[in-house]
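Have a look at the structure below before the remarks.
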Amino acid sequence: MIRLTSDGLLDLSMIETLVDTKTKLFAITAVSNVLGTINPIEQIVAKVKSINPQCFIVVDAAQAVPHMPVDVHAWGADAVAFSSHKMLGPSGMGALWAKKAVLEQMKPFMYGGDMIREVHETETIFNDVPHKFEAGTPFIEGAMGFGAAATYLKNIGMDEVREHEKEITAYALTALQKISGIKIVGPLDPNVKAGVIAFQLPYVHPHDIAEVVNEDNVCIRVGFHCAEPLHEYLGIGPTARASFYIYNDHDDVDALIAGLEKVEKLFK
């Protein structure tokens with residue numbers, strides 16, 4: 001695991017100690033769904049490839065693609081994965097981008113109609129990419145919804161999405177730090193942070209925080225956020241997490257703050 005600096009950023013100097021000529025796979029997330037940290041993927045990929053050009057690099061971009069401009073070619077990774085539901089599309093749908101040469105070498109992981117070109121008793125010829133990986137009847141309605149969501153965000157402009165998110169995150173960080181005893185996990189600089197803020201209050205469990213703010217129709221997520229090893233590494237228990245996107249504004253942040261002030265009165 002790459003060590004974190006005191007401000008929640010990756011200590012990139014550790015790459016040289018983790019990667020060598022025997023390393024086959026390097027996996028990294030573009031944006032942490034707990035810390036909100038935006039990792040410098042292009043720089044990281046270049047460093048890994050300089051040590052081992054044959055190392056396969058895959059990037060989890062589920063938290064990045066919906067929130068900011070992403071250029072997979074500039075990143076230089078071998079594969080990039082992201083999901084639909086995080087970018088206003090239907091659930092149960094996602095995408096894997098990979099270099100064409102990689103996809104052409106990969107064997108299909110599912111078999112069925114349309115993923116083959118020819119089938120004989122002694123030979124099978126697979127279809128071209130991407131059809132080779134689309135066996136059987138596809139999730140047609142999901143793909144249409146995914147495409148509509150991507151078009152919607154593209155029409156808004158991903159630069160605009162990022163600027164809005166950065167502004168509201170900065171507003172939220174300032175407001176949250178006025179809550180007595182709050183501990184914000186991750187960077188406090190909105191320039192290197194996406195629109196998620198994980199935090200703890202020392203006098204109340206995150207589940208109780210969620211229950212109280214929910215009474216005023218404020219929805220937050222609590223627990224380990226599918227990242228329990230990260231919490232263990234940080235030496236902390238579960239956290240509460242507020243998330244912001246294009247449909248949020250200052251009123252939503254103010255409602256969260258009002259809810260946390262209510263938590264403070266009830267439990268402190």
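The table below gives the values:
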{"item": "Residue selected from the range 188-207 under the condition in a helix (DSSP H, G or I) and in contact with a helix residue (DSSP H, G or I) (Cβ under 9 Å, 6 or more places away or on another chain), by the criterion surrounded by the fewest Cβ atoms within 10 Å (Cβ to Cβ)", "result": "Asn191"}
{"item": "Sole residue being more than 11 Å from the chain's Cα centre (by Cα), of a type in the set (Val, Ile, Thr) and in a strand (DSSP E or B), chosen from Val80, Val48", "result": "Val80"}
{"item": "Selection from the range 83-103 of residues that are part of a loop (DSSP other than H, G, I, E, B), at pLDDT 95 or above and not hydroxyl-bearing (Ser, Thr, Tyr)", "result": "Leu88, Gly89, Pro90"}
{"item": "Which listed residue is outside any helix (DSSP H, G or I), small (Gly, Ala, Ser) and in the same structural domain as Tyr171 (by TED's automatic domain parsing), from Ala210, Ala255, Ala242", "result": "Ala242"}
{"item": "Candidates Ala194, Ala227, filtered to the one that is within 23 Å of Ile168 (Cα to Cα), in contact (Cβ under 8 Å) with a residue 60 or more places away in the chain and not aromatic (Phe, Trp, Tyr)", "result": "Ala194"}
{"item": "Gly235 vs. criteria at pLDDT below 95 and either within 25 Å of Met87 (Cβ to Cβ) or exposed (fewer than 13 other Cβ atoms within 10 Å of the Cβ) (or both)", "result": "yes"}
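The values are calculated or read from the model by the stated rules, or taken from the named source; none is laboratory data. Because the structure is a prediction, the values reported are computed rather than measured. Every residue, glycine as well, gets a Cβ built from its backbone with ideal geometry; the counts of neighbours run over all protein chains shown.
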